[in-house]
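To keep things clear, I will list the structure first and then write my remarks on it.
Throughout, read-outs are computed from the coordinates displayed, never taken from laboratory work. Keep in mind it's a predicted model, so treat the numbers as computed, not measured. A quick note on method: Cβ atoms are made from the backbone with ideal geometry, for glycine too, and the neighbour counts reach across all protein chains shown.
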Amino acid sequence: MAAVRFIKRAQKHGFNLDEIEELLHLAGGGPDDCEAARQLAQLKMAHLADRMADLERMRGSLAELIASCDLDPTDRYCPMIQPCMPREKPMKLEILQLPNCPNVALLERRIAEAVAVKHIDVAIKRRVLTNRDAATAAGMTGSPTLLVDGEDPFAESGLVPSLSCRLYPADGGGVDGAPSVTALRAALNQCGYDLKLRT
């Protein structure tokens with residue numbers, strides 16, 4: 001009966017049958033070779049230490065989750081689940097522009113609307129360019145030019161460095177001074193940011 005109780009208790013604590021057999025073997029005297037018995041016991045101790053450390057980390061994670069229960073649902077954090085979820089990388093955007101370009105504010109508003117579907121950190125940097133050499137070096141093909149992680153997602157064949165206003169296709173036809181929200185969202189998706197609307 002003692003052996004049965006031991007087996008049930010060991011299973012309750014996560015040991016499989018092979019491990020339980022090894023433990024019973026040790027309890028019954030173990031291998032004839034004392035050194036072999038010592039190595040087996042040390043190996044089991046190391047496994048137990050790892051398991052105890054995992055359980056302690058899980059205990060801390062549960063305590064953190066419990067502490068967040070009183071927060072707003074959008075602010076709750078499960079440390080056991082979130083680290084396993086895909087994370088949105090910080091979005092690095094740069095706007096290349098002429099001084100006082102009237103369409104920069106429009107572009108920034110549309111960027112904000114495009115990323116509003118996800119909680120993504122967005123860092124927008126403005127760079128004002130005033131001569132053709134600087135525009136060529138930066139890759140500005142009209143103002144404003146948007147760079148996503150250093151690349152122009154709206155680049156087209158035939159566009160050349162320019163100190164003029166840049167025009168973009170508008171939804172429904174025509175042109176506009178900044179990409180539409182739909183175009184921005186599509187471009188950012190292609191750059192690796194998941195901004196797809198869920199239905």
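Restrict the search to the range 103-193; then list the GluC sites (Glu not before Pro) that DSSP places in a loop and that have at most 12 other Cβ atoms within 10 Å of their Cβ. The partial results should precede the final answer.
Working: sites: Glu108, Glu113, Glu151, Glu156; in loops: Glu156.
When the GluC sites (Glu not before Pro) of the range 103-193 are filtered for loop state and at most 12 Cβ neighbours within 10 Å, Glu156 remain.
Treating only the Cβ of Lys, Arg, Asp and Glu as charged (+1, +1, -1, -1), what charge dipole size does the range 90-190 show about its Cα centre? Round to the nearest 20 debye.
On the way: 10 positive and 11 negative charges, 42 e Å.
Using Cβ point charges on Lys, Arg, Asp and Glu, the range 90-190 gives about 200 debye.
Tell me, what is the percent relative contact order of the range 90-190, built from C-alpha pairs under 8 Å that lie six or more residues apart? All intermediate terms of the calculation are to be shown ahead of the outcome.
Details: 168 pairs, mean separation 34.8, N = 101.
Computed value for the range 90-190: 34 percent relative contact order.
Once the convex hull of the alpha carbons of the range 90-190 is built, what does its volume come to per residue, in cubic angstrom?
Cα-based convex hull of the range 90-190, divided per residue, equals 96 Å³.
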